[in-house]
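The structure under discussion appears below in the form of C-alpha cells.
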Amino acid sequence: MVGSKKRFALADSAQQLVGGFLLAGPFVVTEEVWSLAGDMTVLQSLSTVLIVFLIGYGALYKADDDRDPDREAEVAGVPTRFVSLMLVSYGSVAILSLSFGAPGTFLEPTYDAGPSMETVATTLKAISVGAVFSVVGAATADSVF
C-alpha cells in the first residue's frame with residue numbers, strides 16, 4: 001500500500017465513537033471534574049488541549065507502525081483519521097455534558113436569558129479535561145478494531 005492513500009471509512013469513525021463515549025461518560029458526571037475546571041487557568045486548559053492532540057497523534061501514528069499519516073487522506077493537510085479522532089474526543093464529552101445537563105447541575109445557576117460567560121468557560125474547560133480520557137478510548141478503539 002506504499003504510495004496510496006489509506007481510505008478512512010465510516011466504520012473507523014464508529015469505532016472511535018464507541019471508545020470516546022465509553023471513556024468520556026464517567027468524567028462528565030463527576031463533580032470533581034467540574035470543580036477542577038472552574039479553578040483552571042486558560043494556560044492549564046490549553047495544556048489539556050495540547051495533551052489531547054499529542055495523545056491522539058501518538059496513539060494513531062507512533063504506537064501503530066502500520067499507519068503513516070502521509071499515506072492517509074487529508075482535510076486541509078491533516079489526516080482525516082486524526083480530524084475524526086479530535087472531533088470524537090471533544091464532541092463525545094460535549095454531547096454527554098449537555099445531554100446530562102452537567103453544567104446546570106455542577107455550576108452556579110444563572111437566572112438571566114442564558115448561561116454566563118463564566119459558565120461557558122468552565123464548561124469548555126471541563127470538556128477539555130474529559131477529552132484527555134475520551135481520546136484514549138477513541139484512539140484505542142480505532143487501533144484495536
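Of all residues in region 76-100 being crowded, with 17+ Cβ neighbours inside 10 Å and aromatic (Phe, Trp, Tyr), which is modelled with the lowest pLDDT?
Phe82
Check whether at least one residue in region 88-95 is assigned to a helix (DSSP H, G or I) and more than 12 Å from the chain's Cα centre (by Cα), and report yes or no.
No, there is no match, as no residue in region 88-95 is assigned to a helix (DSSP H, G or I) and more than 12 Å from the chain's Cα centre (by Cα).
Could you look through region 52-69, keep only residues that are farther than 9 Å from Leu85 by Cβ and among the aromatic types (Phe, Trp, Tyr), and pick out the one that is modelled with the highest pLDDT?
Here the residue is Phe53.
In region 31-70, what count of residues is obtained for those that are closer than 20 Å to Asp142 by Cβ and either exposed (fewer than 14 other Cβ atoms within 10 Å of the Cβ) or not hydrophobic (A, V, I, L, M, F, W, C) (or both)?
Selection size over region 31-70: 14.
Might you let me know whether region 12-34 holds any residue that is of a type in the set (S, T, N, Q) and free of Cβ contacts under 8 Å to residues at least 60 places away in the same chain?
Yes; the residues of region 12-34 include at least one that is of a type in the set (S, T, N, Q) and free of Cβ contacts under 8 Å to residues at least 60 places away in the same chain.
Which residues, taken from region 62-74, are in contact with a helix residue (DSSP H, G or I) (Cβ under 9 Å, 6 or more places away or on another chain) and either part of a helix (DSSP H, G or I) or more than 15 Å from Ala9 (Cβ to Cβ) (or both)?
Ala63, Asp64, Asp68, Pro69, Glu74
Could you tell me which of the residues Ala131, Ala73 is crowded, with 23+ Cβ neighbours inside 10 Å and either of a type in the set (Lys, Arg) or in contact with a Phe, Trp or Tyr (Cβ under 6 Å, 6 or more places away or on another chain) (or both)?
Of Ala131, Ala73, the one residue that is crowded, with 23+ Cβ neighbours inside 10 Å and either of a type in the set (Lys, Arg) or in contact with a Phe, Trp or Tyr (Cβ under 6 Å, 6 or more places away or on another chain) (or both) is Ala131.
Within region 76-91, is even one residue over 18 Å from Ser13 (Cα atoms), in contact (Cβ under 8 Å) with a residue 40 or more places away in the chain and basic (Lys, Arg)?
No, region 76-91 has no match at all.
For region 101-122, what are the residues that are crowded, with 19+ Cβ neighbours inside 10 Å and among the polar types (S, T, N, Q)?
Matches in region 101-122: Thr122 only.
Got at least one residue in region 42-61 being over 17 Å from Gly20 (Cβ atoms), of a type outside the set (D, E, K, R) and part of a loop (DSSP other than H, G, I, E, B)?
no
The values are calculated or read from the model by the stated rules, or taken from the named source; none is laboratory data. Keep in mind that what you see is a predicted model, and the values were worked out from it rather than measured. Every residue, glycine as well, gets a Cβ built from its backbone with ideal geometry; the counts of neighbours run over all protein chains shown.
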